[in-house]
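Below is one structure; the comments refer to it alone.
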Amino acid sequence: MSFHAPLACIVAMDPRADGGQRRITLGADTIRIDRSLAGVRMRLALPVCAYRGVALSVVEEARETWYRLELDHSDPELRVTLAENRDPEALVAEWRGWAKFFGLPRLAQGAGELQVALDGRLGALVLGAAQPRKRGWPLKRRRSRMSAFRKPVRTGAQAVHRDEREIICYE
């Protein structure tokens, strides 16, 4: 895993880390998380493909509602918040930009943990309508499966040699 020049460095709140914060460095192919726990310095370098996508979610609290844009991971400790705003239209351009930069799908966070992929793919898996199964084979009624792989025998148009004798040796 190589780490090229960083695109951005983010300092995020981390209640478990020493000093209450961690440093996240975003690269083109790697996300690096640096933090210190109980005096032990840690560095996690994760490939971008370890993340499910760039998620836009609604955060509701007692007094206010705002929108959060984050790199979504199955482990909540590894999620990376990219931006927060009260206006969702302000985050749409960033949402598309980050998704295109990382090559990840855009996800919309619904109620609870329900996510909807908006780009028609989820990671490396392309989502779409299911293809119909190949039921049967068009020549199945004419030839058996094994004989279909053999060359067909030509009958009727065989060479006939006149005035020749057939020599058969039984030794």
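Starting from residues that are touching a His at 6+ places or on another chain (Cβ under 9 Å) and of a type outside the set (G, A, S), keep the ones in the range 45-79 and report whichever is surrounded by the most Cβ atoms within 10 Å (Cβ to Cβ).
Filtering first and then ranking leaves Y51.
Residue check: is A62 within 19 Å of A93 (Cα to Cα) and assigned to a loop (DSSP other than H, G, I, E, B)?
Spelling it out, it is not the case that A62 is within 19 Å of A93 (Cα to Cα) and assigned to a loop (DSSP other than H, G, I, E, B).
Only residues that are more than 17 Å from I24 (Cβ to Cβ) and not aliphatic (A, V, I, L, M): list them for the range 54-76, please.
Matches in the range 54-76: S57, E60, E61, R63, E64, T65, W66, Y67, S74.
Name the residue, out of L46, L56, that is in a strand (DSSP E or B) and modelled with pLDDT of 90 or more.
L46
Run A28 past the list (1) assigned to a strand (DSSP E or B); (2) outside the structural domain of A108 (by TED's automatic domain parsing); (3) touching a Phe, Trp or Tyr at 6+ places or on another chain (Cβ under 9 Å) and report the number of the one that doesn't hold.
(1)
Name the pairs: first residue in the range 92-104 and more than 14 Å from C49 (Cβ to Cβ) and among the aliphatic types (A, V, I, L, M), second residue at pLDDT 85 or above and surrounded by 12 or more Cβ atoms within 10 Å (Cβ to Cβ), Cβ to Cβ under 9 Å, at least 6 apart or on different chains?
Here the result reads V92/L56, each pair linking the range 92-104 to a residue that is at pLDDT 85 or above and surrounded by 12 or more Cβ atoms within 10 Å (Cβ to Cβ).
Could you tell me which residue of the range 6-28 is surrounded by the fewest Cβ atoms within 10 Å (Cβ to Cβ), considering only residues that are of a type in the set (K, R) and within 11 Å of V80 (Cα to Cα)?
This residue is R23.
Collect the residues in the range 6-23 that are modelled with pLDDT under 90 and part of a strand (DSSP E or B), keeping them in residue-number order.
A8, C9, I10, V11, A12, M13, Q21, R22 - these are the residues of the range 6-23 that are modelled with pLDDT under 90 and part of a strand (DSSP E or B).
Suppose the filter is under 19 Å from D75 (Cβ atoms) and within 22 Å of the chain's Cα centre (by Cα); does I24 pass it?
no
The values are calculated or read from the model by the stated rules, or taken from the named source; none is laboratory data. Model, not experiment: these values are computed from the prediction. No Cβ is skipped: glycine too gets one built from the backbone with ideal geometry, and neighbour counts run over all protein chains shown.
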